[in-house]
Each structure stands twice: as C-alpha cells, then as structure tokens.
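Take this structure, written in structure tokens, and hold onto it; I'll ask about it next.
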Amino acid sequence: MPTVDLAATPLRELNAALHRIGPQSNETHWRILNPRGQHAVAVGIDAPIAVEVEGHVGYYCAGMNKQATVVVTGNAGTGVAENMMSGQVHVKGDVSQAAGATGRGGLLVVDGNASARCGISMKGIDIVVKGSVGHLSAFMAQAGSLVVLGDAGDALGDSIYEARLYVRGAVKSLGADCVEKKMTDHHKAKLARLLGAAGVSGVDVGAFRRYGSARRLYHFHIDNVGSY
Amino acid sequence: MDTADRWIHTPPRRSATFDEHAIAEIRRAAATGLYDIRGFGAKRRLPHFDDLLFLGASISRYPLEGYREKCATEVTIGARFAKKPITLKIPVTIAGMSFGSLSAQAKEALGRGASAVGTSTTTGDGGMTAEEREHSSILVYQVLPSRYGMNPDDLRKADAIEIVVGQGAKPGGGGMLLGQKISARVAAMRDLPEGIDQRSACRHPDWTGPDDMEIKIHELREITDWEKPIYVKVGASRPYYDTALAVKAGADAVVLDGMQGGTAATQDVFIEHVGIPTLAAIRPAAQALQDLGQHRKVQLIVSGGIRNGADVAKCLALGADAVSIGTAALIALGDNDPHLEAEYRKLGTTAGAYDDWHEGRDPAGITTQDPALARRLDPVLAGRKLANYLSVLTLETQTIARACGKSHVHNLEPEDLVALTMEAAAMARVPLAGTDWIPGQAGRRS
C-alpha cells in the first residue's frame with residue numbers, strides 16, 4: 001500500500017501520482033498522512049482505487065472524483081467532493097460549506113454535520129449526511145438525492161429542480177418552489193438503498209419526510225415574481 | 001392655416017427624455033408586465049474606440065514598410081504558471097458562447113474559422129461539445145457558476161481554462177436560457193429536464209470571494225497537473241481591483257469584458273445600465289498589472305464592442321495583450337445578414353437590429369436549437385467567412401502598428417493615441433487631440 005506523508009511530500013506530487021494510476025496498476029489502496037488542512041487533496045482521480053486520508057483536509061478534497069473511494073478520517077473544508085462524477089467519498093467528521101456541490105454522480109457520506117449549501121446545484125450525486133445540514137442546502141439542486149438524518153436549516157431546496165430531499169429531523173424552512181411531497185413505497189425503497197449504501201442501519205425510513213420541486217418556477221412568468 | 005393659427009400650436013416637438021424608444025418601452029411594459037430580455041450587447045451610444053485616433057509616424061517616429069517589414073502578432077498566454085502555455089498566431093480570440101445559446105453548426109463554424117488562422121475558441125455555459133473540440137485547434141474551457149456539463153475529462157481535453165466571474169453585458173448577473181432552446185441534447189448536457197427555463201447562477205456554488213477563488217484556481221491546477229493556463233473573466237465594473245485580485249489569486253490571464261459585450265439573453269435594463277464601457281476599463285486593468293509588475297506577464301484579454309482592426313490596435317495600445325470577439329464573430333458567420341430581411345420582418349425586426357437571440361427563431365441558424373433553422377448554416381462556409389474576417393482584423397491591426405513604427409503589435413502604447421472627446425481622453429487616459437491635456441490626471445503628459 002503506497003503511503004504518502006504530506007508533511008514531507010508536496011501535494012502536487014501526490015495528485016500527479018494519483019493521476020498516473022492506470023487500469024492495470026496494483027497500487028489500488030493509498031494512505032495519505034498529515035494532510036494538515038491542505039486544500040485540493042486527492043483531486044481529479046479517475047481510477048477505481050481506495051484512498052484513506054488520515055486527518056483534516058481543507059477545501060475541495062476529492063474534487064471531481066471519478067471511480068475512487070476516498071475516506072477522510074477527520075473534518076473536511078469547503079466543497080468536499082465538488083463536481084464528483086462517480087465513486088464514493090466518506091468523511092468521518094464534519095464538513096464545511098458546499099459539500100458535494102454540483103456533483104454529477106457517486107455517493108458522498110458525511111458522518112457528522114454539513115454546513116451551509118450542502119448539495120448546492122447537485123446534478124446527480126447522492127449525499128447522505130448523518131447529522132444536520134445548514135441553510136440553503138440543495139439550492140438549485142438539479143438531480144440526485146440528499147438524505148439528512150438530522151435537521152435542515154433555512155431555505156432547504158430553494159429553487160430546486162428535480163433532486164429529491166429526504167430529511168428525518170426538523171426543517172427550519174423551505175426555499176422557493178420547494179414543497180413536501182408524498183413518501184411512497186418507491187421513495188422508501190430508494191431511501192433504504194441510499195442509507196444502506198452509506199452504511200446506515202437500524203433507521204426507520206418511515207420517519208423521513210420527502211421534499212422536492214413544486215415545478216411552479218420552471219417557466220418564467222410575471223405572476224411568480226414574488227417568488228424570485 | 002392663417003398666420004394667427006400658426007402660432008396657437010407650436011410645431012410637434014418630441015421629448016429628448018421620453019424619446020421614441022423610451023415611450024415604446026413604457027407601452028410594451030404596460031401591455032405585458034414583463035421586462036425586455038434580449039441578446040446582443042449595449043446599444044446605447046457610449047464613449048468608444050471611435051473616439052480615439054492614432055498618431056502615425058512623423059519626423060520623430062519611424063514607420064515600418066507595409067507588406068514588407070515584419071510586424072509580429074503572436075500572443076503567448078499562460079507562461080506565468082502553466083506547464084503548457086498556449087500561443088495564438090493573432091491577437092484576436094473567440095469569446096465564450098455556449099452550445100445551447102448557439103447551434104452546433106455555429107459552434108463548429110467558430111472552431112473552423114478560428115483554427116484556420118491559429119487562434120482559440122471558448123466553450124460557454126453548458127459544457128464542451130465533441131464538435132467544438134474537434135474543430136477548435138485551441139479550445140478554452142469555461143468554468144461557470146452553473147457548472148452545466150462540467151466534468152474533469154473535458155477539463156483535461158481543454159487547452160486552457162477560463163473561470164467566469166462575470167461578463168460585460170451583466171456584471172453581477174446570472175442568465176436564463178429559455179425553455180424553447182432546451183432541446184433534448186442541451187438538457188442532457190445540463191442534467192435538467194427538456195423544455196424548462198434553465199437558470200445560470202450569478203455566483204459560483206463553492207466559493208465566495210477572492211481568497212476562495214485562489215483556492216479554486218489551485219484545485220483546477222492540481223486536477224490538470226498544472227498544465228493548463230487559467231484565465232479569470234470579469235465583467236468591467238471595478239477593473240483595477242478585479243484585475244489585481246485575479247493576479248493575486250494566481251490567474252495566468254485576465255479577460256475583461258466591457259458593457260458592450262454581447263449576451264445570449266439578458267434583461268435590457270441590465271445590459272444598458274450595469275457595468276462600464278470597454279474604453280473606460282482597459283487602462284485601470286493595465287495599471288493594476290503594471291503596479292503588480294505583471295503587465296505582459298499576466299495577459300490581459302479585452303472584449304466588448306470590438307469591430308475592426310482599429311479597435312484591436314487601440315485595445316493593445318491601451319495595454320491589452322489580445323482581444324476577444326463574440327458579436328462580431330456571429331455577424332461574420334451570417335447573423336443579421338440583409339439577405340434574410342424578409343424573415344427578420346416576419347419577426348418584427350430588421351437586419352442589423354435582430355437581437356431576440358434567446359427565442360431560438362434565428363433565421364440565420366446561429367442562435368437556435370431548431371434543427372431546421374440550424375441546418376441553414378453551413379459550418380464550412382461560415383467558418384471560412386469568420387477566418388476571412390479574423391484575417392482582416394489582423395491585417396488592419398498590423399497596418400496601424402506599422403504606421404506607428406512597431407515591429408510587434410504589443411509595442412503599441414498609450415503614447416500612440418489621442419482622443420477626440422474629453423470623455424474618451426479621461427477614460428483612456430490619453431490627451432485630447434491637439435493638446436497635452438488628459439482630463440482627470442494631476443499632471444500633463446510630458
């Protein structure tokens with residue numbers, strides 16, 4: 001297992017090495033030590049490898065990830081797994097703002113809480129937050145699912161498109177065009193699969209409420225001007 | 001009418017304040033309850049490059065021989081940090097315009113035309129199409145607030161990356177691609193349903209200020225192994241500080257778009273009333289680069305109302321390294337062509353004034369996703385026309401540069417210019433013609 005100590009190795013070398021991994025590589029499991037809050041750790045990977053980051057990371061950890069499974073044993077700064085395409089990113093601590101922003105695929109799991117704008121402009125990513133999320137989470141969320149086992153802050157799902165939101169706790173307020181929707185068996189099954197993929201067990205899917213778009217703002221109309 | 005009646009009523013007099021356009025807008029707003037959304041850029045009269053003149057060579061300046069002596073035009077962008085800077089053969093590039101706002105044929109034509117003369121094209125909101133990558137020898141990939149179509153594969157396929165903070169038509173504004181232009185392909189590229197209005201955000205989703213932008217640039221460099229030049233594009237409003245902050249954040253180039261810069265769809269009130277003219281933006285931006293010791297190291301690319309080689313030369317003389325064209329490129333492809341007058345009339349407009357680019361009914365097949373209309377544009381022929389136009393821009397720029405004695409177009413300088421109006425003199429920081437007076441400057445030019 002390659003081990004990279006970021007206290008001794010420049011970040012640029014680490015990311016370049018991760019980018020060089022080819023389909024036939026045997027280096028499929030990496031350990032990264034002493035990230036010490038550095039930004040852009042393990043970004044742009046496009047290989048089915050496992051990367052364990054032992055410590056706290058700064059902005060954009062695992063940004064634009066494809067295929068890889070990145071586990072952070074610590075907290076993550078702004079934009080963890082931003083624009084992720086596929087694979088999985090698992091943060092065992094808390095995450096800052098814009099977690100999973102614009103993600104187009106894959107799964108982001110946060111064991112702790114997520115700050116504001118979690119899942120902003122998400123485009124297909126699935127996000128499971130075991131704690132709570134801050135205000136304006138799922139702002140302009142286009143596709144994918146956001147699951148929150150705790151509470152959600154103000155303006156959840158503001159200007160949401162087709163993303164699905166599942167919240168078990170309290171929602172402080174819903175944003176423009178975001179409404180509560182019926183939780184059907186189909187949605188319960190989908191939620192159960194997401195929770196399972198995130199390693200969450202023993203949770204009653206019936207305790208969640210589902211939110212999504214009322215689709216009233218899909219075409220500009222002057223009568224909706226008060227909503228904008 | 002006898003003499004007495006003649007003086008009862010004065011002749012009809014139209015108001016300069018409530019002019020024909022203002023009255024029509026009030027009537028239209030009252031009838032519809034909607035503000036006007038349109039394409040194109042600012043249409044009002046503004047201080048512009050026409051208000052500047054070059055001082056050709058004279059006894060104290062030595063000109064270069066036209067058609068004989070070399071006047072170089074190449075521009076290298078990205079040498080500050082990128083492992084693979086790009087070199088353009090001419091100082092004119094094609095601005096970012098999306099597939100979605102433009103047809104696939106138009107994007108292909110832009111690529112063909114630009115590549116033929118050795119310059120770059122730029123993607124736009126909505127991601128990179130295979131056609132534009134195939135036909136653009138140098139392609140700049142935009143990272144926009146919406147991140148529609150954003151993916152790391154395209155990032156790596158690009159020759160340069162442009163982080164779009166704003167554009168001249170609407171600094172501080174996002175965009176809206178109306179549902180009628182959202183075809184199945186456009187929708188799929190943007191991860192949204194077909195046929196609905198698509199909002200392009202005004203802010204980036206994962207950073208909020210200049211310090212964050214620095215980290216974002218760092219991330220993009222790490223993802224692309226520090227190969228690609230990274231530009232930062234801003235709409236002209238506070239060009240000195242925006243340029244300085246972009247440099248501080250680690251940009252290789254700054255793209256500065258004045259308020260005449262075009263748009264696919266923006267509120268008319270935004271286009272005409274937010275931002276500053278291109279003419280007024282260049283000197284402050286160049287000054288910021290000079291103050292930071294980065295002039296000609298961090299490249300300044302200026303856009304917004306560039307029409308001819310004189311405009312190009314004036315931008316370069318004021319401190320730009322290159323210019324970028326959008327509206328002019330579309331006109332070169334065939335937009336607003338008089339031979340389509342009958343069809344423009346049916347749309348309630350006329351050739352030269354057509355600006356409802358957001359509606360997708362462009363008879364020229366450029367600003368549309370209607371397959372039948374789009375097929376009207378022959379990308380090979382349109383690309384050839386664009387290449388011709390770009391060549392003319394370059395020849396005109398060289399003509400002026402040689403007349404000023406410059407062996408490279410970058411050797412043009414403010415000292416080569418004078419202004420026809422006090423406004424232009426103040427904005428461009430060059431003397432009023434025939435004087436040594438620069439309004440707003442503490443001292444006179446020696």
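Only the coordinates and a few stated rules stand behind these numbers; no lab work does. This structure is a prediction, so every number in the text was calculated from the model and none was measured. Please note: Cβ atoms are built from the backbone with ideal geometry, for glycine as well, and neighbour counts cover all protein chains shown.
Report the calculated FRET efficiency for B:Ile23 and B:Lys84 (r = Cβ-Cβ distance, R0 = 60 Å), to the nearest 0.05.
E between B:Ile23 and B:Lys84, to the nearest 0.05, is 0.60.
Give me the Kirkwood hydrodynamic radius of chain B in Å, from all C-alpha pairs, to one decimal place? Each step should come with its number before you reach the end.
On the way: mean 1/r = 0.0442 Å⁻¹.
With all distinct Cα pairs of chain B included, I get 22.6 Å.
For the stretch A:3-227, compute Rg over Rh where Rg is the Cα radius of gyration and Rh is the Kirkwood radius from the inverse mean 1/r over Cα pairs. Write out the running numbers ahead of the final one.
Details: Rg = 17.8 Å, Rh = 17.5 Å.
In the stretch A:3-227, Rg relative to Rh is 1.01.
Over the stretch B:156-258, how many percent of alpha carbon pairs lie in each 10 Å bin up to the one with the longest distance?
Using 10 Å bins, I get a P(r) of 15, 37, 34, 15, 0 for the stretch B:156-258.
Next up: Using a Förster distance of 51 angstrom, determine the FRET efficiency expected from the C-beta separation of B:Leu420 and B:Ala188, and round it to 0.05.
On the way: r = 51 Å, r/R0 = 1.00.
Computed FRET efficiency for B:Leu420 and B:Ala188: 0.50.
In addition: Sort A:Ile125, A:Ile32, B:Ile276 by Cβ crowding within 10 Å, fewest neighbours at the top.
The fewest-first ordering by Cβ neighbours comes to B:Ile276, A:Ile32, A:Ile125.
For A:Met183, B:Met213, what's the fewest-to-most ordering of other Cβ within 10 Å of each Cβ? All intermediate terms of the calculation are to be shown ahead of the outcome.
Values: A:Met183 16, B:Met213 21.
Final ranking by Cβ density, sparse to dense: A:Met183, B:Met213.
I've got another one for you. For B:Phe49, B:Phe18, which order do you get if you count the other beta carbons within 10 Å of each Cβ and list the fewest first?
Working: B:Phe49 25, B:Phe18 10.
Arranged by neighbour count, lowest to highest, B:Phe49, B:Phe18 become B:Phe18, B:Phe49.
Let me ask you something else. How far is it, in nm, from the label point at A:His221 to the one at B:Asp337 when both lie 7 Å from their Cα along the line to the Cβ?
Distance between the two pseudo-spin positions: 4.0 nm.
Then there is this: For every helix of n ≥ 4 consecutive DSSP H residues, a contribution of -39,500 (n - 2.57) applies; sum these over chain A, divide by its total residues, and give [θ] at 222 nm rounded to the nearest 500 deg cm²/dmol.
For chain A, the value works out to -3000 deg cm²/dmol.
Another question, if that's okay. In whole Hz and in residue order, list the ³J(HN,Hα) couplings for the stretch B:10-17 that follow from phi through the Karplus curve 6.51 cos²θ - 1.76 cosθ + 1.60, θ = phi - 60°; x for Gly and Pro.
Residue by residue, the stretch B:10-17 yields 6, x, x, 10, 7, 6, 6, 7 Hz.
Label-point separation (nm) for B:Thr208 and B:Ala353, each offset 7 Å from Cα along Cα-to-Cβ?
Rounded to a tenth, the inter-label distance reads 4.6 nm.
Of A:Gly119, A:Thr69, A:Tyr211, which is farthest on the positive side of the dipole of the stretch A:3-227, counting Cα position, with +1 on Lys and Arg Cβ, -1 on Asp and Glu Cβ, and the Cα centre as origin?
Comparing the listed Cα positions along the dipole, A:Tyr211 ranks first.
Distance between the C-alpha centers of the stretch B:380-427 and the stretch B:247-267? Whole Å please.
For the stretch B:380-427 versus the stretch B:247-267, the Cα centre distance is 20 Å.
Roughly what would the spin-label model give for B:Glu131 and B:His408, points 7 Å off Cα along C-beta, in nm?
Taking the simple label geometry, B:Glu131 and B:His408 are separated by 3.8 nm.
If the only charges are +1 at each Lys and Arg Cβ and -1 at each Asp and Glu Cβ, what is the size of the charge dipole of the protein assembly as shown around the Cα centre, to the nearest 20 debye?
340
Dividing the Cα convex hull volume of the protein assembly as shown by residue count, how many Å³ per residue is that?
About 203 Å³ per residue, rounded to a whole number.
For the Cα atoms of chain A, what angle does the longest principal axis make with the long axis of helix A:185-197, in degrees from 0 to 90, nearest 10?
Value to nearest ten degrees: 20.
Return the whole-Å distance between the Cα centroid of the stretch B:193-216 and the Cα centroid of the stretch B:291-361.
25
Which helices pass in chain B if a helix is a full DSSP H run, must span at least 27 angstrom along its long axis by Cα, and must have mean Kyte-Doolittle hydropathy not below 0.0?
Length and hydropathy pass: B:379-403.
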